[in-house]
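Have a look at the structure below before the remarks.
The values are calculated or read from the model by the stated rules, or taken from the named source; none is laboratory data. Please read these numbers as outputs of a predicted model, since none were measured by experiment. Ideal geometry is used to build each Cβ from the backbone, glycine not excepted, and the neighbour counts take in all protein chains shown. With ligands, DNA and RNA removed, areas are computed over all heavy atoms of the protein, side chains included. Shrake-Rupley method; radii C 1.70, N 1.55, O 1.52, S 1.80 Å.
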Amino acid sequence: MPYYRRVGDVPRKRHTQFRQPDGSLYAEELVGQEGFSSDSSLLYHRYAPTAIVAAEEFRPPAVTRTPNLPLKPRHLRTHKLDGTGADPVLDRQYLLANDDVRIGYVLADRPGPLYRNATGDECLYVESGGLRVESPFGVLEAVAGDYVIVPTSTIHRLVPTGADPTRLLAIEATGHIGPPKRYLSVRGQFLEHSPYCERDVRGPEAPWQVDATDVEVLVRHRRGWTRYVYANHPFDVVGWDGHLYPWAFSIHDFEPITGRIHQPPPVHQTFQGPNFVICSFVPRKVDYHPDAIPVPYNHHNVDSDEMLFYTGGNYEARRGSGIEQGSISLHPSGFTHGPQPGAAERAIGVDYFDELAVMVDTFRPLDLCGAATTCEDDAYAWTWARR
């Protein structure tokens, strides 16, 4: 995260004596990226964060992957997966994946386990409902339209909130997710041309204390999964400070960049990850050149697959294709794609788009996971040829 945060009680100097009321030392935990050479936070625990009393291999539900063959555009209807999951972690229905990122969807109606993803950051997008993210850093509340970034190896619990189940799109990286570097100064401050800034970002506000012993934590790591039993609950932190912590940003706070003629997708970029980017398409005024065509031109991204999650409003370029709330389209590299027939002509003279969508562009091909085959609209690929 590009700015410093301090929560709870911390000593004036790092790595110095900081004592509990009974005179014993608080246990320091430095959480850092890239071997002490990048962002980090320093946490102060009441109990040793290293104390485990048991460990055993854990086997989560299997995730299958098959190539996108034959190569063609795909349309996945995520709401057809309703009823297939309740746990926001273990019941994710995986749709698309490559060696850099895995994309899943879940309709969650109960809390997940204590969970640590030690393979990479996670970006959770709340389509509807609410979500409470509990971690040693504190509590972070999220609502519809929020992105939540959970840093690598953060022990956390996802708790759906509200009267109805929570719909989540989960983007799991094999590295770190953060703001695009071009939005940041050399010291990490958001620059003036960035479509969002520090004022739009939310982090935990206070320590989160839970007293318990023999606490199970599921850890996904590079060799598989392990179930640990910790001697004490990991949510025992009295204070922390640093630049690395879970944070939230609302898609509704993304300030769109527009122009006289159609702007390419990089103006919508919100985050970057290892070999992929995440973009936000939000309601906005569109192209104001007198001869402008506001919808995208046909394009062939020779280096990337394009996944678009439709999460609100009306997407002009896809009208008539069956796209609906919760739809995911996949337009792979090796295939030219563009607006539906008639969309360009209809868009002439339109000055505002009321659309909400999350895009993931990957620089390696995306495979289809098992859940994709159960919710695919097989007619989508042929909708451009309709007469």
statement: So for region 1-63, using the alpha carbon gyration tensor with a ≥ b ≥ c as root eigenvalues (a/c under 1.5 gives rounded; past that, a/b versus b/c decides prolate or oblate), I'd call it oblate
message: Which residue, Phe249, Ser333, Val210, has the largest displacement toward the positive end of the dipole of region 200-349 when charges sit on each Cβ (Lys, Arg +1; Asp, Glu -1)?
response: Ser333
- prompt: ³J(HN,Hα) across region 193-199 via Karplus (A = 6.51, B = -1.76, C = 1.60, θ = phi - 60°), whole Hz, x for Gly/Pro?
  reply: 8, 5, x, 8, 8, 4, 5
- prompt: So, in nm, how far is label Gln325 from label His193 when the simple model puts each one 7 Å beyond its Cα toward the Cβ?
  reply: 3.8
task: Straight distance only, please: which lysines reach the Cα of Lys181 with their own Cα at less than 27 Å, same-chain residues fewer than 8 apart left out?
output: Lys285
Where His193, His337 fall by accessible area, highest first, once all protein chains stay in place (1.4 Å): His193, His337
task: Name the long-range amide H neighbours of Leu244: under 5 Å, sequence gap of 5 or more, or other chain; modelled H, no Pro or chain starts.
output: Ser40, Ser41
Amide H within-cut-off set for Gly178, under 5 Å, with H built and near neighbours excluded: Gln272
query: What list of ³J(HN,Hα) values in whole Hz, one per residue of region 173-180 in order, does the Karplus curve 6.51 cos²θ - 1.76 cosθ + 1.60 (θ = phi - 60°) give from phi, with Gly and Pro shown as x?
result: 8, 9, x, 9, 10, x, x, x
query: Ordered by residue, what ³J(HN,Hα) values in Hz, to whole numbers, does region 265-271 give under the Karplus form 6.51 cos²θ - 1.76 cosθ + 1.60, where θ = phi - 60° and Gly and Pro are x?
result: x, x, 5, 9, 5, 10, 9
message: Under the rule of at least 5 residues apart or a separate chain, name every residue whose amide H is placed under 5 Å from the amide H of Val286.
response: Tyr352, Phe353
query: Of all the Cα-Cα pairs you can form in the chain, what percent are over 30 Å apart?
result: 42
Value at 222 nm in deg cm²/dmol, rounded to 500, when DSSP H runs of n ≥ 4 in the chain each add -39,500 (n - 2.57): -500 deg cm²/dmol
